[in-house]
């Protein structure tokens, strides 16, 4: 099983395919949970990190390491230190594993989830299927597979990727995707500005006018507007929760 996210930008398809293929080859003779690591290019505070452990195997120049530890979203100074050591990867959220291995891991580390899945499995194809699925899913804890399984398991392996990768899950990613204009801005949509520097401006269908600002994210879409400092952009989940509550 290969687990892929929808908000990743991967431009080198051949190198990506090679990493996945080598991971499948590794699993042919090993019973592990593989996570694809990304070699850091900057001191990023919005990603989780993986510290590389012992080198286990090399397949077609793809190196597989044990995982020493997972680190969640470090401070800027800590992330800068990680970047200098060369012993850390970003956790991409791309996984490769055997169905049987992840099932055993779910049963061991997330027994409530596993029991709910087994309850659903027993009702598949019956008249109760939809009712049971809704009931059991509503009880599941909202937790990522990283927290629920990978950080607890001793069977995790990381392979540092040899392909270009970007997570376009935050507005700051537009700087890396679209590049900057002469004022270090990224503009998608209609914009008129003066003395505007280092901003990310995205407008779906309205004109955005700015004057005398810097380092802001301004987004207009779906009848709503967001204005925040670029430093806060990786942590927008907090304001989204507040908006939903209000």
- Query: Among the residues of region 12-31, is any surrounded by 16 or more Cβ atoms within 10 Å (Cβ to Cβ) and either free of Cβ contacts under 8 Å to residues at least 40 places away in the same chain or under 14 Å from residue 88 (Cα atoms) (or both)?
  - Reply: no
- Message: So for region 102-116 (the condition being assigned to a strand (DSSP E or B) and more than 30 Å from residue 217 (Cα to Cα)), does at least one residue qualify?
- Response: no
- Query: If you check 88, 109, 147, which single one turns out to be touching a residue at least 12 places away in the same chain (Cβ under 8 Å) and either buried (at least 18 other Cβ atoms within 10 Å of the Cβ) or out of contact with any helix residue (DSSP H, G or I) (no Cβ under 9 Å at 6 or more places or on another chain) (or both)?
  - Reply: 88
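Per-residue answers, yes or no, for (1) touching a residue at least 40 places away in the same chain (Cβ under 8 Å); (2) crowded, with 17+ Cβ neighbours inside 10 Å:
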position	(1), (2)
186	no, yes
189	no, no
206	no, no
219	yes, yes
- Failed condition for residue 162, given (1) outside the structural domain of residue 52 (by TED's automatic domain parsing); (2) assigned to a loop (DSSP other than H, G, I, E, B): (1)
- If you go through 57, 51, 44, the only one that is without any contact (Cβ under 8 Å) to a residue 40 or more places away in the chain and either part of a loop (DSSP other than H, G, I, E, B) or within 20 Å of the chain's Cα centre (by Cα) (or both) is 51
- Mind checking whether some residue in region 66-73 is assigned to a strand (DSSP E or B), at pLDDT 95 or above and under 20 Å from residue 164 (Cα atoms)? no
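Before we move on, is residue 238 in a helix (DSSP H, G or I) and either loosely packed, with under 12 Cβ neighbours inside 10 Å or in the same structural domain as residue 58 (by TED's automatic domain parsing) (or both)?
When the stated conditions are applied, residue 238 passes them.
The values are calculated or read from the model by the stated rules, or taken from the named source; none is laboratory data. Since this is a predicted model, take the numbers as computed values, not measurements. Quick reminder, even Gly has a Cβ in these numbers, built from the backbone with ideal geometry, and neighbours come from all protein chains shown.
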